[in-house]
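Notes follow the structure.
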Amino acid sequence: MNWAVTTYDSAFGYVSAHGAPLVDLLDPQPGERVIDLGCGTGTFSAEIAERGAEVLGIDGSPDMVAQATALHPGLSFIVGDAHDFTISESFDAVASNAALHWMTRDPDAVIARVHAALRPGGRFVGELGGAGNCAELVAAMQTAWRVFGLGEPELPWYFPSPAEYATRLEEGGFTLRLLEHADRPTRMTEGPNGAADWVRAYAARALADVPPELVEPLLVRVNDLAAPALRRESGWVADYVRLRFAAVRKPDGAVPMPVGPLFSDPPL
């Protein structure tokens, strides 16, 4: 799968986005004010700051913010929910790296808060899991849960299609400048036990509902089911599909009035 739409203006004219680091697509300038939304432990915030921008990292996890503050004492981090955060001053850009797909409660509300935080013409740049992300891993989980007579596992992610997310951005007051949707198989480094360790790291919510005596045999079955597609001689590979975008906030007064939900629950 490889789906791309690309247009450029003065905000995004210099970089070929495919394969480039997200910070290059953002292109932060010295003195610019940038929000890192879903900053985690602050690694991406630090990359932005190295370009001379003033960065504010926002994350919903107090533990993550505490770690970010300890690791990067010269940067600013605050605890905030991406669905309803407010900022007193306008920023030049909002960026988000591998975080938006965890913000599942209301994707439109996240986009609305980003819009409110930006000055007119400000940039919104991000990368998240797109439709088809981790399809083999998710299928292995769902099948294993059924084999053990368990209910459907609760999956904590939002993986939109390119068309869906493009529409959400446009309806949310942005002009889309770049959108890429591409396979990115990635070596698993989360642990030595392949898909089982991936589930422990990223789907802990689903495991929390499993009887304790079933967890280990369930994860063995997940590995067995995922191995034909994802285990290589060199190790396990996660079947990641990434959605990367760059957009610009439209001038004030250009946002259409909402007319209700744009989409039903997104497919994985």
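The values are calculated or read from the model by the stated rules, or taken from the named source; none is laboratory data. Since the structure is predicted, the reported quantities are computational estimates derived from the model, not experimental observations. Cβ sites come from the backbone with ideal geometry, for glycine too, and all protein chains shown count toward neighbours. Calculation scope for accessible area: heavy atoms of the full protein, side chains included, ligands and nucleic acids excluded. Shrake-Rupley method; radii C 1.70, N 1.55, O 1.52, S 1.80 Å.
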* Of the residues 219, 243, which single one is farther than 24 Å from residue 150 by Cα and modelled with pLDDT of 95 or more? -> 243
* Contacts under 6 angstrom Cβ, first residue in the stretch 222-251 being under 30 Å from residue 116 (Cα atoms) and open to solvent by less than 10 Å² (accessible area, probe 1.4 Å), partner in a helix (DSSP H, G or I) and of a type in the set (A, V, I, L, M, F, W, C), 6 or more apart -> 246/25; 247/169
* Of these, 186, 175, 167, which one is surrounded by fewer than 20 Cβ atoms within 10 Å (Cβ to Cβ), of a type in the set (S, T, N, Q), farther than 22 Å from residue 82 by Cβ and in contact (Cβ under 8 Å) with a residue 24 or more places away in the chain? -> 186
* Selection status of residue 137, open to solvent by less than 20 Å² (accessible area, probe 1.4 Å), touching a residue at least 60 places away in the same chain (Cβ under 8 Å) and under 26 Å from residue 188 (Cα atoms) -> yes
* From 40, 121, which residue is on the phi > 0 side of the Ramachandran plot and free of Cβ contacts under 8 Å to residues at least 60 places away in the same chain? -> 40
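For (1) in contact with a strand residue (DSSP E or B) (Cβ under 9 Å, 6 or more places away or on another chain); (2) among the acidic types (Asp, Glu); (3) closer than 23 Å to residue 181 by Cα, each residue gets a yes or a no:
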{"residue": "114", "(1), (2), (3)": "yes, no, yes"}
{"residue": "119", "(1), (2), (3)": "yes, no, no"}
{"residue": "125", "(1), (2), (3)": "yes, no, yes"}
{"residue": "132", "(1), (2), (3)": "yes, no, yes"}
{"residue": "149", "(1), (2), (3)": "no, no, no"}
{"residue": "165", "(1), (2), (3)": "yes, no, yes"}
* Structure fact -> Requiring at least 1 residues that are touching a Phe, Trp or Tyr at 6+ places or on another chain (Cβ under 7 Å) and either open to solvent by less than 40 Å² (accessible area, probe 1.4 Å) or over 28 Å from residue 178 (Cβ atoms) (or both), the strands (runs of 3 or more DSSP E) wholly within the stretch 18-80 are 33-37, 54-59
* Asked: Can you find a residue in the stretch 98-119 that is part of a strand (DSSP E or B), within 13 Å of residue 165 (Cα to Cα) and acidic (Asp, Glu)?
  -> no
* Name, by its number, the condition in (1) of a type outside the set (Gly, Ala, Ser); (2) more than 28 Å from residue 58 (Cα to Cα); (3) in a loop (DSSP other than H, G, I, E, B) that does not hold for residue 159. => (2)
